[in-house]
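> The following block contains the structure, expressed as structure tokens.
The values are calculated or read from the model by the stated rules, or taken from the named source; none is laboratory data. Please read all numbers here as calculations on a predicted model, not as lab measurements. Using ideal geometry, Cβ is built from the backbone for each residue, glycine included, and neighbour counts are taken over all protein chains shown.
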Amino acid sequence: MIALFYLASAVALVAAAMAISRRNAFHALLYVVVSLLAVAVVFFTIGAPFAGALEIIVYAGAIIVLFVFVVMMLNLGPSAVRDEYGFLTPAMWIVPGGLAAILLAELVVIISGTGDGVTGAAIGPREVGLALFGPYVVAVEVASFLLLAGLVGAAYLGSGARISGGDR
Amino acid sequence: MSAGVLLGHGLAVASILFVIGLIGVLVRRNLLFQLLSIEIMLNAAGMAFVIAGARWGQADGQVMFIFILVMAAAEVAVGLALLLRVSRRVRDLDGDAVSAMRG
């Protein structure tokens, strides 16, 4: 099943290279999502299914959706309506769609049971949870402080409040 | 295929991914693309942790990946809020447009 690892790695690298070379932010986001999904498949093939699930849920599902929201907020106005027509032409989604189809094919191969799909021993959510709330419990608390600081910072910066000496 | 070869190749993939993100930060002038490239770099760093953790069969790599995930989430929340603020103020997302700060 080592071929799955190399195929997913190749998809991740191609998608990341395409992402940083797009002009349109939305198309770049499409490629970044494909890259993150490919990295999730890599995680699964090397025996880290929990990290792969988190990669999809948090990275592709939350962080990139936040990017999509911001792109949509920045594109308000008549030009956005005009852009809408040339937004998702087949030429634009066929390459990321093809890359995602490769990942889907890998998923089908893994699920259809021709081998367990994992090279080496898998480390499941149980071991990760035991480590997270055992020796690393202080780091979890610090991470929660960091998230709180990020929340407060984003709420303040996004609220439109006057920053002293700024906004004329 | 031994585990050591897998470790080497996995770390190579992670470092190439990191370099792609670094090139994105250095080459692009649009702040949104720079933030996106930083996400790619953080993802590559997390990937290196997970691959190293899988090599030695320890859960610590995935624990570190979760911490990187938390940091990326906090970073992107503050970064995108700053981005919206900059775009409202200078009507542009060019990083060079805000290079001169005036208090």
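> Select, from B:Met47, B:Met41, B:Met71, B:Met64, the only residue that is over 17 Å from A:Val42 (Cβ atoms) and not in a strand (DSSP E or B).
The unique qualifying residue is B:Met71.
> Tell me which residues, restricted to the stretch A:19-32, are part of a helix (DSSP H, G or I) and facing another protein chain (nearest Cβ under 10 Å).
Listed by number, the residues that qualify are A:Ala19, A:Ala25, A:Ala28, A:Leu29, A:Tyr31, A:Val32.
> Moving on. Touching a residue at least 40 places away in the same chain (Cβ under 8 Å) and not polar (S, T, N, Q): which single residue out of A:Ile46, A:Ile57 fits that description?
A:Ile46
> Something else now. Which ones in the stretch B:31-77 are of a type in the set (Asp, Glu), in contact (Cβ under 8 Å) with a residue 12 or more places away in the chain and over 18 Å from A:Ala15 (Cβ atoms)?
B:Glu75
> Could I ask something else about it? Which condition from (1) more than 10 Å from chain B (Cβ to nearest Cβ); (2) closer than 19 Å to B:Gly21 by Cβ is the one that A:Leu4 breaks?
The one condition A:Leu4 does not meet is (2).
> For residues in the stretch B:39-90 being touching a helix residue (DSSP H, G or I) at 6+ places or on another chain (Cβ under 9 Å) and charged (D, E, K, R), which is modelled with the lowest pLDDT?
B:Arg89
> Give me the helices (runs of 4 or more DSSP H) completely within the stretch A:89-168, filtered to those with at least 1 residues that are exposed (fewer than 14 other Cβ atoms within 10 Å of the Cβ), of a type in the set (S, T, N, Q) and modelled with pLDDT of 85 or more, ordered by residue number.
Of the helices (runs of 4 or more DSSP H) lying wholly inside the stretch A:89-168, those with at least 1 residues that are exposed (fewer than 14 other Cβ atoms within 10 Å of the Cβ), of a type in the set (S, T, N, Q) and modelled with pLDDT of 85 or more span A:137-158.
> Being under 16 Å from the mean Cα position of the chain (by Cα), more than 9 Å from chain A (Cβ to nearest Cβ) and part of a helix (DSSP H, G or I) is true for just one of B:Leu35, B:Leu80, B:Leu11. Which residue is that?
It is B:Leu11.
> Follow-up question, since we're still on this one. How many of the residues in the stretch B:11-32 are surrounded by 19 or more Cβ atoms within 10 Å (Cβ to Cβ) and at pLDDT 90 or above?
Within the stretch B:11-32, residues that are surrounded by 19 or more Cβ atoms within 10 Å (Cβ to Cβ) and at pLDDT 90 or above number 7.
> State whether the residues of the stretch B:72-88 include one that is under 20 Å from A:Asn75 (Cβ atoms) and of a type in the set (Ser, Thr, Tyr).
yes
> Right, something else. Within the stretch B:45-68, is even one residue under 22 Å from A:Met72 (Cα atoms) and surrounded by fewer than 23 Cβ atoms within 10 Å (Cβ to Cβ)?
So far as the stretch B:45-68 goes, no, none of its residues is under 22 Å from A:Met72 (Cα atoms) and surrounded by fewer than 23 Cβ atoms within 10 Å (Cβ to Cβ).
> Another question about this same structure. Quick one: in the stretch A:4-23, of everything that is free of Cβ contacts under 8 Å to residues at least 40 places away in the same chain and more than 17 Å from A:Ile46 (Cβ to Cβ), which residue is surrounded by the fewest Cβ atoms within 10 Å (Cβ to Cβ)?
Top of the filtered list is A:Arg23.
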